[in-house]
Amino acid sequence: ADVAPLYALGRGALRAGAAAGLTGLRDLADLALATVTDAEPELGGLLAAALLRGLDPADPFHRELAETALVHLDHGGRIEPTAAALHVHGNTVKYRVRRLQELTGRPPLDPSDGAAVARTAHLWWALRHWLAAARSR
């Protein structure tokens, strides 16, 4: 009786991992956020509309800003690892993150307010959804 829900969860994680471009063996728990966000694309669209207004999917620079922000989040908000992953200077990362914040009207994440984890997850989800929609155009 416990296998059927786990099988469905595993299939969802497989789809989410493939959509994220992941390959190889992965721990199911490591794919939790990707699995959940992939299962609710409509909610991702709502988050993107709310958090990323001001970005134009047809503008290559806006897509570059969103990609930089996503890599920045994936690297824990640290500049140097983000710069290394993108093969750019750290000042370029700082500029792009600041420019994204200006365009979207979103302030930098403040960990002291207690909601930083949820807001970071929402922004990550919104960026992933927005970039996927921009690429499919």
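In what sequence, largest accessible area first, do Glu42, Glu64 appear using a 1.4 Å probe?
Sorted by accessible area, descending: Glu42, Glu64.
When all C-alpha to C-alpha distances in the range 1-59 are sorted into bins of 5 Å, what percent of pairs does each bin hold, rounded to whole numbers? Histogramming the range 1-59 at 5 Å steps yields 4, 17, 21, 18, 15, 12, 7, 4, 1, 1 percent.
How would Leu65, Leu103 line up by accessible area, probe 1.4 Å, largest first? Walk me through the numbers on the way to the answer.
Working: Leu65 0, Leu103 45 Å².
From most accessible down to least: Leu103, Leu65.
The HN-Hα couplings worked out from phi for the range 18-23 by the Karplus form 6.51 cos²θ - 1.76 cosθ + 1.60 (θ = phi - 60°) are 5, 5, 7, x, 7, 9 Hz, whole numbers, x standing for Gly and Pro. Working note: Karplus 6.51/-1.76/1.60 with θ = phi - 60° gives the range 88-94 the couplings 9, 6, x, 5, 5, 4, 4 Hz, where Gly and Pro are set to x. When the convex hull of the Cα atoms of the range 10-137 is projected onto a plane and the area is averaged over all directions, what value comes out in nm²? Computing the convex hull of the Cα atoms and averaging its projections yields 8.3 nm². Tell me which of Leu43, Gly90, His62 sits at the most positive position along the dipole axis of the range 37-95, charges placed on C-beta atoms (Lys, Arg +1; Asp, Glu -1). Checked the options; the winner is Gly90. Under a model in which nothing but the beta-carbon of Lys, Arg (+1) and Asp, Glu (-1) is charged, the chain shows a dipole of about 340 debye around its Cα centre. The residues packed around Asp56, meaning those with a beta-carbon under 15 Å from its beta-carbon, carry a net charge of +1 if Lys and Arg are +1 and Asp and Glu are -1.
Couplings for the range 57-72, taken from phi via the Karplus curve 6.51 cos²θ - 1.76 cosθ + 1.60 with θ = phi - 60°, read x, 7, 8, x, 5, 5, 5, 5, 4, 5, 5, 4, 4, 5, 5, 4 Hz in order; Gly and Pro are left as x.
Near Thr104, once Lys and Arg are set to +1 and Asp and Glu to -1 for all other residues with Cβ below 12 Å from its Cβ, the sum equals +2. Report the relative contact order of the range 1-111, percent, no decimals, based on alpha-carbon pairs under 8 angstrom and at least 6 residues apart. Computed value for the range 1-111: 20 percent relative contact order. Seen from Ala19, the other residues with C-beta closer than 11 Å to its C-beta sum to a net charge of +1, counting Lys and Arg as +1 and Asp and Glu as -1.
Comparing mean-square fluctuations of Arg98, Arg11, Arg106 from a GNM of the chain with C-alpha springs under 10 Å, the top value falls on Arg11. The heavy atoms of His129 present about 60 square angstrom of accessible area, all protein chains included, probe 1.4 Å.
The values are calculated or read from the model by the stated rules, or taken from the named source; none is laboratory data. What you are looking at is a predicted structure, and each value in this text was computed from that prediction instead of being measured. Heads up, the Cβs are rebuilt from the backbone with ideal geometry, glycines too, and the neighbour counts pull from every protein chain shown. Accessible surface areas use protein heavy atoms only, side chains included; no ligands, DNA or RNA. Shrake-Rupley method; radii C 1.70, N 1.55, O 1.52, S 1.80 Å.
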